[in-house]
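Asker: Encoded as structure tokens, here's the structure I'll be asking about.
Derivation of every value follows stated rules applied to the coordinates shown; laboratory data play no part. Note that the structure is predicted; figures quoted are calculated from it, not measured. When we count neighbours, we look across all protein chains shown, and the Cβ atoms used for this are built from the backbone with ideal geometry, even at glycine.
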Amino acid sequence: MGIGVLRWRHSPLWRATDRREAWVTLGALVLLALGAPAAGWAGGALADASLQQEIRAQHEERRPVTAVVVGPVPQARRFAGDPGTESGRTSVVAAWRAPDGTRHTGEVTTSEARQPGARVRVWTDAAGLPVPAPMDADAARTHAVLGGIGVFLLAAGCVEAGRRLIVGRLVRRRYALLDREWAEAGPDWGRAGTGS
């Protein structure tokens, strides 16, 4: 709201709806400049805290064990377009000992050596069943940053949508006032001898 706006404040064309629209726009700018970034930071911080807690819980629940590759997964169980094969990971049949000492054999996904007899690292739960590896801290931070950016964009979008809604109502009210004033002026305003 620069000098031009201040000059307009004393103009007879400056209506109450114009003042309200200016205040709504100023409020939206303040919310976009301060509120949306604060919401994004808070959303990212909450997401990071939650993800870090989840990582700690995963590390407590899951244990790495060394498994020995027994052989490939039977061909009948493979299918075209297996997403694991495209990313350099593949499924093999392996044998391992659970944390309680019991022996297990099953299908595991690995990116390491795949020949029979090769040793691979497998993550298991307390029962010795294979589970995905815990999320690492860098991936959690990346997810938290993306979550914070998402919250920022959502907050900014809500502010802009609210501004547009309010300004739209003010514009409709302004047009209704103009229509009323035109109706009061009559259809022959400005003609000589009509009393205007």
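Asker: Please report the net charge: other residues with Cβ closer than 10 Å to the Cβ of VAL120, K and R +1, D and E -1.
Answerer: Residues near VAL120 contribute +2 overall.
Asker: Also, I was wondering about something else. Within 15 Å, Cβ to Cβ, of LEU46, how many net charges do the neighbouring residues add up to if Lys/Arg are +1 and Asp/Glu are -1?
Answerer: -1
Asker: Something else now. If we count every other residue with Cβ under 13 angstrom of VAL68's Cβ, Lys/Arg +1 and Asp/Glu -1, where does the sum land?
Answerer: Within the 13 Å Cβ shell, the charges total +4.
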